[in-house]
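The values are calculated or read from the model by the stated rules, or taken from the named source; none is laboratory data. These numbers were taken from a predicted model, which means no experiment stands behind them. With ideal geometry, Cβ positions are generated from the backbone for all residues, glycine too; neighbour counts draw on all protein chains shown. Ligands, DNA and RNA are excluded from the accessible area calculation, which covers all protein heavy atoms including side chains. Shrake-Rupley method; radii C 1.70, N 1.55, O 1.52, S 1.80 Å.
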Amino acid sequence: MCRPSLAKDFSHHKYPDDPITKIKGASLPRFDGGLFKAPGGRSEWGIIYNDSMRSKGRINYTLAHEFGHYLLHRLDYPNGIECGEQDMVRWDSAYGRIEHEANVFAANLLMPLDDYRQQIDPKAIIDLDMIGHCADRYEVSLVAAILRWIEYTERRAVLVVSRDGFILWARSSKAAFRSGIYFKTSNRPPIPIPQGALASGLITPENQRQGIKLPPNVWFEESCDEMVVFSEFYDFTISVLQLENGTAAYLNRN
């Protein structure tokens, strides 16, 4: 967990002339959090998070993300940095260099890779209970836990985040990307969720967490397993797609 005392104590020890002196919640209607310079020309910093966020994991990750900004970017952004929802959940360097770097820092701080590998083997086929265990263990949001798994899994897997029937962004594992399994979402027209996918609304209490096997030509030209969870905290749909390993495949990309 990224406790406020960690950021404060480390900054006072490492940068006593430019420390973090305040970490608190406040009304930030358009942002999840921010790193702010103290007023009046003081050489101090504050980390502020949106106190309307109900997820403790989301708050914890926001604090770690802003701490990353403090360590990595404060000299380049002397007036501070404000971060929205997408900044916290997109780990794509093409989305924004500094946000990507802050997310990598937060993931390394909160979810040490060697420990995570002990929770879920790189070769394992996952379910949402396994990912939920890791989210609870590291006190992060479910989407952050999935992204960390996507980073190291040896299986072909894709995380798809959607809203209102369209893909917002997606992240493929290395094995999936190498076999042509990915979505290009940056600077492109929105990609609709395919008919027949669970994310299109075909959810029942029975298939939501365990998921189902979908036939070819729904998400891809080959079959895949899809698990879905609707995030009340982020107001989007999270799909985890898993494919058999060792088969070249191509997306039905529009």
(message) Quick check: at a probe of 1.4 Å, how many percent of the accessible area of the chain sits on carbon and sulfur atoms?
(response) 50 percent
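Please give the FRET efficiency for residue 5 paired with residue 43, using the beta carbon to beta carbon distance and R0 = 22 Å, rounded to the nearest 0.05.
The formula returns an efficiency of 0.60 here.
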(request) Measure nothing fancy, just the Cα-based angle from helix 97-110's long axis to the longest principal axis of the chain, in degrees from 0 to 90, nearest 10. (result) 90 degrees
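Just to confirm the filter: which trypsin sites (Lys or Arg not before Pro) across segment 1-48 are DSSP coil and have at most 13 other Cβ within 10 angstrom of their Cβ? Write out the running numbers ahead of the final one.
Values: sites: 8, 14, 22, 24, 30, 37, 42; in loops: 30, 42.
Here the sparse-neighbourhood loop sites are 30, 42.
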(message) Quick check: the angle from helix 4-14's long axis to the longest principal axis of the chain, C-alpha only, nearest 10 degrees?
(response) 60 degrees
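How much length is gained if the chain between residue 123 and residue 95 is pulled fully straight, taking 0.36 nm per residue apart and subtracting their Cα-Cα distance, in nm to one decimal? Before the final figure, lay out the partial values.
On the way: separation 28, 0.36 × 28 = 10.08 nm, distance 2.85 nm.
Between residue 123 and residue 95, full extension yields 7.2 nm more.
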(request) Give the whole-number value, in cubic angstrom per residue, of the convex hull volume spanned by the C-alpha atoms of segment 25-72. (result) 74 Å³
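Taking K and R as +1 and D and E as -1, what net charge do the other residues with C-beta under 12 Å from the C-beta of residue 42 add up to?
Details: positive: 22, 37; negative: 17, 18, 44.
For residues surrounding residue 42, the net value is -1.
How many Å² of accessible area per residue for the chain, probe 1.4 Å?
On the way: 12230 Å² over 254 residues.
Ligands and nucleic acids excluded, the result is 48 Å² per residue.
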(request) Mind giving me the FRET efficiency for residue 17 and residue 72? R0 is 22 Å, r the Cβ-Cβ distance, nearest 0.05 is fine. (result) 0.75
(message) Given bins 5 angstrom wide, list per bin the percent of all Cα-Cα distances in segment 1-59, short to long.
(response) 4, 19, 25, 24, 17, 9, 3
(message) Please give the charge dipole size of the chain, origin at the Cα centre, charges +1 on K and R Cβ atoms and -1 on D and E Cβ atoms. Round to the nearest 20 debye.
(response) 340 debye
(message) Tell me the net charge near residue 23. Cut-off is 9 Å between Cβ atoms, residue 23 excluded, with +1 for each Lys or Arg and -1 for each Asp or Glu.
(response) +2
(message) So, R0 is 22 Å and r is the distance between the beta-carbons of residue 27 and residue 54; what FRET efficiency does that work out to, to 0.05?
(response) 0.90
(message) Nearest 5 percent is fine: what portion of the DSSP beta bridges confined to the chain is antiparallel?
(response) 85 percent
(request) Taking the dipole about the Cα centre of segment 65-156, with the C-beta of Lys and Arg at +1 and of Asp and Glu at -1, give me whichever of 142, 125, 96 is farthest to the positive side. (result) 125
(request) Would you compute, for the Cα atoms of segment 1-120, the largest minus smallest coordinate along each principal axis and list the three values in descending order, in whole Å? (result) 48, 32, 29
(request) Would you work out the charge dipole size for segment 9-148 about its Cα centre, treating the Cβ of every Lys and Arg as +1 and the Cβ of every Asp and Glu as -1, and quote it to the nearest 20 debye? (result) 220 debye
(request) Work out, in µm²/s and without decimals, the Stokes-Einstein translational diffusion coefficient of segment 68-154 at 4 °C, 1.567 mPa s, Rh from Kirkwood over C-alpha pairs. (result) 94 µm²/s
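Please identify every one of the trypsin sites (Lys or Arg not before Pro) in segment 134-188 that sits in a loop by DSSP and has no more than 13 other beta carbons within 10 Å of its own beta carbon.
In loop regions of segment 134-188 (DSSP not H, G, I, E or B), the sparsely surrounded trypsin sites (Lys or Arg not before Pro) are 184.
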